[in-house]
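Here's the structure we're looking at; comments come further down.
The values are calculated or read from the model by the stated rules, or taken from the named source; none is laboratory data. These figures come from a predicted structure and were not determined experimentally. No Cβ is skipped: glycine too gets one built from the backbone with ideal geometry, and neighbour counts run over all protein chains shown. Accessible surface is based on the protein model in full, side chains and every heavy atom, while ligands, DNA and RNA are left aside. Shrake-Rupley method; radii C 1.70, N 1.55, O 1.52, S 1.80 Å.
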Amino acid sequence: QVAKIGSVQLVVDTIVGDGVTQAFTMTQSETDPTAVAVFIGGVYQQPTSSYTVSGLTITFTSAPPAPGANPNTIVVIHNINSTNVPA
């Protein structure tokens with residue numbers, strides 16, 4: 001758990017790229033790309049230059065790779081900058 005104030009549960013989405021699709025559905029709505037940490041094949045992705053978020057959709061500037069020689073697992077970690085204290 002990570003937060004600026006209090007403690008919140010991290011939410012982790014694991015998505016598989018296909019080499020074609022650029023937009024994927026997340027389980028938690030976001031409006032700020034810096035509010036999530038995103039990795040493709042373990043490599044950190046830069047907010048706004050590598051991806052954007054809008055509601056439940058994360059859109060990459062280039063389609064994440066398909067299964068094969070390159071890792072294609074996309075990991076999106078939510079709540080990394082929360083200022084909410086759980087009730």
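At a glance:
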| read-out | value |
| --- | --- |
| Sum of side-chain charges, residue 48 neighbourhood, beta-carbon under 14 Å (Lys, Arg +1; Asp, Glu -1) | -2 |
| Computed accessible area, residue 40, all protein chains, 1.4 angstrom probe, square angstrom | 20 |
